[in-house]
Amino acid sequence: MPKIFVTRKILEAGIKKLQNAGYEVEVNPEDRVLTKDELIKQVKQVKPDAVLALLTDKLDAEVFEAAAGVKIFANMAVGFDNVDVAAAKKAGIMVANTPGVLTDTVAEHTFALMLAIAHRVSEGDRFARAGKYHGWEPMMLLGTDLSQKVVGILGLGRIGSRVVHHAAKGFDARVIYYDVKRNEDFEKEIGAEFRATPEEVLKEADFVSIHVPLLSQTRHLINAERLKLMKPTAYLINTSRGPVVDEKALAEALKNGIIKGAALDVFENEPAIEPELLKLENIILTPHIASATEETRAKMAELAAENIIAALSGKEPPNLVK
Ligand code: GLV
């Protein structure tokens, strides 16, 4: 019976799918991230045919070298910057991810952050709980509207496109975007405008939302210099990957009024968060939960399982990373 090792407890839907396919499933008994040494030890001990892994697992050459007999590492995430795909290929191991099923949820979370920072939701909540609310005031906690503003998107992939759609259709925003690939059909369909550089987006937008993958070219895409291009009234939202934003530079920009506010779901050195950011009122921080709904995490677990089932049946996994 083929054996699957799951690196950490996930929603039952994924485990059931694997068991229904006739596999023996072994889940890391500890509900925590395994260190690389522990992961290697587990893989050597369990000798699985496939591994269902998470974005918190660092999957590099050492892991793949120790994973003799493993056909596929199915990453339960759309991002796969935690995986050295070239090293997996060299070891003859497939890698898959879970795109598509989390698009709507991450787009929703992006708006949750965008609206929360602009309408000062967290700040208002802290204010009320601190007993500071003594009655309605005409100028208390004034925020900013999203409607009819300029929303700037960096990265027009699945999630970026969905955010453009909601901004344009739901909030009558004018949407501008930068991507390495222009999509004129999408521009016509939604009314989005292409900008040839990220700088142009940063200069013009009232809300900048980041949806790029983490690559060497996108690391610190948002740095001190680029933050200075933004309007002092603008907000920065990041639901992609933490290292795309230089957190120290962002803290400085927020402190010095270079930009008005920010909201981050991802961090440069997760789970650590730049301490200076924690002191600020004009930022909202959520702990990498943009895809964390019951429905979506179940779908992600199932899709990761489907990738494994395909690989072990001699088929190409639907989400093979090439
Ligand atoms: C979450 O960050 C993912 O990549 O799925």
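The values are calculated or read from the model by the stated rules, or taken from the named source; none is laboratory data. Note that the coordinates shown come from a computational prediction; the quantities given were computed from them, not determined experimentally. No Cβ is skipped: glycine too gets one built from the backbone with ideal geometry, and neighbour counts run over all protein chains shown.
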Any residue at all in segment 296-319 that is of a type in the set (V, I, T) and part of a loop (DSSP other than H, G, I, E, B)? no
Name every residue in segment 29-50 that is more than 11 Å from F5 (Cα to Cα), modelled with pLDDT of 95 or more and assigned to a loop (DSSP other than H, G, I, E, B), in order of residue number. R32, V33, L34, T35
For E26: the one exception among (1) of a type in the set (D, E); (2) in contact with a Pro (Cβ under 9 Å, 6 or more places away or on another chain); (3) in a loop (DSSP other than H, G, I, E, B); (4) under 20 Å from E306 (Cα atoms): (3)
The lone exception for P271 - which of (1) away from the ligand (no atom under 16 Å from the Cβ); (2) closer than 28 Å to F80 by Cα; (3) not hydrophobic (A, V, I, L, M, F, W, C) it fails: (1)
The conditions are (1) under 24 Å from the mean Cα position of the chain (by Cα); (2) closer than 29 Å to S216 by Cβ; (3) more than 16 Å from the ligand (Cβ to nearest atom), and E38 fails exactly one of them. Which is it? (1)
Within the set of pairs 6 or more residues apart or between chains, which connect a residue that is more than 12 Å from A50 (Cβ to Cβ) and acidic (D, E) inside segment 70-81 to a residue that is in a loop (DSSP other than H, G, I, E, B) and more than 8 Å from the ligand (Cβ to nearest atom) with Cβ atoms less than 8 Å apart? D81/P213; D81/L214; D81/L215
Would you be able to tell me the number of residues in segment 281-297 that are more than 14 Å from the ligand (Cβ to nearest atom) and surrounded by 15 or more Cβ atoms within 10 Å (Cβ to Cβ)? 4
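So, of the residues in segment 59-105 that are part of a helix (DSSP H, G or I) and under 17 Å from E302 (Cβ atoms), which turns out to be farthest from the ligand (Cβ to nearest atom)?
We begin by selecting, within segment 59-105, every residue part of a helix (DSSP H, G or I); these are 61-66, 85-90, 103-105.
Within this subset, residues satisfying the condition of being under 17 Å from E302 (Cβ atoms) are 103-105.
Values: T103: 10, D104: 13, T105: 10 Å.
Ranking the qualifying residues of segment 59-105, first place goes to D104.
The rows are residues; the columns are (1) in the same structural domain as M230 (by TED's automatic domain parsing); (2) within 23 Å of V101 (Cβ to Cβ); (3) surrounded by fewer than 20 Cβ atoms within 10 Å (Cβ to Cβ).
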site	(1), (2), (3)
G160	yes, yes, no
H165	yes, yes, yes
D172	yes, no, yes
V175	yes, no, no
K181	yes, yes, yes
D185	yes, no, yes
G191	yes, no, yes
T197	yes, no, yes
Determine whether T7 is among the hydroxyl-bearing types (S, T, Y), within 16 Å of the ligand (Cβ to nearest atom) and closer than 28 Å to S161 by Cβ. no
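Any chance you could count how many residues in segment 303-320 are within 14 Å of the ligand (Cβ to nearest atom) and surrounded by fewer than 24 Cβ atoms within 10 Å (Cβ to Cβ)?
Quick first cut of segment 303-320, residues within 14 Å of the ligand (Cβ to nearest atom) only: 303-304, 307, 319.
If we keep only those that are surrounded by fewer than 24 Cβ atoms within 10 Å (Cβ to Cβ) too, we end up with 319.
Number satisfying all stated conditions: 1.
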